[in-house]
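Engineer: This is the structure I want to talk about, given as structure tokens.
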Amino acid sequence: MKRYILCTILLVMSGVLYLPVDAVAHGGEDHGGESLAGNTGSILGAPIFVSVETQIRMGIKTALVQKKKLPKQVKALGRTRIRPELEAVISSPVEGRLVSAADYVQPKLGENVRKGQIIAVVDQTISGPDAINLSIEQTRIQSELSQAQTDLAMANKEYERVLKLKDVVPDKEIWRAETALTIARERHDGLKKQGSVYETSVDQPRYQSTNPKRVIIKAPLDGIIAETHVTLGEYVRLDKELYHIINLSEVLVEADVFENSISLVSHATYAKVIVEAYPNDIFTGKLVSIGTTIDPQTRTLKVLFLVPNTGLKLVAQMFADVFIETGESFEGLTIPKTALVNQDDQSVIYVKTSGEQFVARPVIVAERYMDSVLLSPDSSLSIKEGERVVIQGMYQIRMSASMPEAPKNK
């Protein structure tokens with residue numbers, strides 16, 4: 001035991017710290033990217049040894065430090081909106097009753113509908129005064145139709161008489177008789193057709209399919225029935241909303257850009273969008289418009305992006321982080337954001353210097369871009385291109401640094 005303690009003291013004095021091969025913390029869970037509390041100064045720059053077997057058990061993963069050119073971004077808080085032209089509130093143009101039909105099935109909530117699809121059939125109500133007017137008009141039409149029948153019979157008789165005398169009378173007389181017959185026939189047929197319409201309106205039951213005042217309502221766009229407010233057989237009024245149809249193939253994302261960043265986004269064309277509901281999905285939006293008025297309360301400007309909604313994951317009023325690409329770029333050493341941890345209020349990375357050796361080093365962050373972090377040129381003393389940094393298992397490595405053990409003899 002005395003020999004072991006003496007060896008340990010000599011190893012510590014020589015600046016080498018060995019770890020036991022079985023040093024495992026918290027079941028191997030990953031704490032990458034989190035704040036690692038404790039005395040950072042005691043481990044910065046000191047080599048930490050972890051055997052290959054223990055690294056595998058801990059699930060430690062590394063990534064290359066690379067020199068990249070990253071686009072300069074402005075981060076803004078945003079929210080999703082439905083495009084006005086891809087949204088429709090359907091109401092009935094007439095008062096009446098919602099009825100069924102042979103070629104129509106009432107759409108259900110959440111159902112997809114196509115542009116031009118019948119979504120409602122309304123039989124307009126015929127009021128008492130309207131029915132009286134229709135009856136009066138029907139009587140008038142019937143009277144005129146009787147006179148038209150008499151005129152047609154007389155015109156037909158005259159035409160037949162002239163035809164028998166075609167060798168005697170001038171051609172002008174024949175043409176005149178033929179024209180009079182044609183006019184009489186057309187007037188008779190028109191009045192007959194008009195009379196049948198009024199007859200149906202007055203005599204048939206109010207809500208039968210023969211109702212000439214039936215109104216067919218069709219979907220104005222492809223979309224989903226987002227809201228429905230009617231049932232079959234219900235009486236609907238002019239101000240009654242029947243359906244709310246939304247097309248989610250594309251959505252708008254409205255970003256609030258602070259006043260001091262307006263000049264940076266003046267030449268922007270695209271943005272990356274991440275919503276809280278799907279933090280691992282990145283949506284790309286194309287610039288639609290930049291506002292013209294700053295909100296006096298928040299000192300922000302509205303910037304609008306059009307985002308293709310693959311998978312229909314985006315819905316209205318989702319909060320979103322909007323990373324607006326300004327058209328400029330940065331170049332330098334980059335690491336995955338999961339490699340960066342906060343220890344005692346400073347940014348630290350764990351560098352793998354050999355197969356079983358790690359070193360904690362402080363760095364300075366210049367910019368953050370989605371899943372990547374651009375390091376300041378001042379960090380070149382701590383990290384070089386091509387080195388490997390730990391992206392999973394930093395917490396376990398740090399905990400291992402406080403559990404020294406003498407190396408096994410080989």
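The values are calculated or read from the model by the stated rules, or taken from the named source; none is laboratory data. These numbers were taken from a predicted model, which means no experiment stands behind them. Because the Cβ atoms are built from the backbone with ideal geometry, glycine has one as well, and the counts that use them run over all protein chains shown.
Engineer: Can you tell me which residue among A148, A101, A155 is modelled with pLDDT of 80 or more, closer than 17 Å to E234 by Cα and of a type in the set (G, A, S)?
Structural biologist: A101
Engineer: While we're on this one: Please give the strands (runs of 3 or more DSSP E) falling wholly within the range 246-331 in which 3 or more residues are surrounded by fewer than 18 Cβ atoms within 10 Å (Cβ to Cβ).
Structural biologist: Ranges flagged: 250-258, 283-294, 300-308.
Engineer: Filter the range 143-180 down to the residues that are outside any helix (DSSP H, G or I) and surrounded by 12 or more Cβ atoms within 10 Å (Cβ to Cβ) and list them by number.
Structural biologist: Within the range 143-180, just V169 meets the criteria.
Engineer: Let me ask you something else. Given the criteria among the acidic types (D, E) and closer than 27 Å to K75 by Cβ, does E356 qualify?
Structural biologist: Answer is no for this residue.
Engineer: Right, something else. Only residues in the range 168-186 that are within 13 Å of K157 (Cβ to Cβ) count as the first member; pair them with residues that are of a type in the set (D, E) and assigned to a helix (DSSP H, G or I), Cβ under 8 angstrom, at least 6 apart or cross-chain, and list the lot.
Structural biologist: Hits for this filter: A177/E158; A180/E158; L181/E158; A184/D151.
Engineer: A further question on this structure: I want to confirm something. Restricting to the range 47-80 and keeping residues that are β-branched (V, I, T) and not in a strand (DSSP E or B), which single residue is nearest to L375 (Cα to Cα)?
Structural biologist: The residue in question is V65.
Engineer: Which residue pairs have Cβ atoms closer than 8 Å, lie 6 or more positions apart in sequence or on different chains, and pair a first residue in the range 36-51 that is modelled with pLDDT under 80 with a second residue that is charged (D, E, K, R) and assigned to a loop (DSSP other than H, G, I, E, B)?
Structural biologist: From residues that are modelled with pLDDT under 80, the pairs are A37/D344; G38/D344; N39/D344; T40/D344; G41/D344.
Engineer: Only residues that are under 15 Å from P220 (Cα atoms) and surrounded by 14 or more Cβ atoms within 10 Å (Cβ to Cβ): list them for the range 90-110, please.
Structural biologist: Correct list: I90, S91, S92, P107.
Engineer: For E356, are the conditions met, namely being modelled with pLDDT of 85 or more and acidic (D, E)?
Structural biologist: Taking the combined requirement at face value, the residue satisfies it.
Engineer: Another question, if that's okay. Going through V373, V351 one at a time, which residue ends up being part of a strand (DSSP E or B), under 40 Å from the mean Cα position of the chain (by Cα) and without any contact (Cβ under 8 Å) to a residue 40 or more places away in the chain?
Structural biologist: V373
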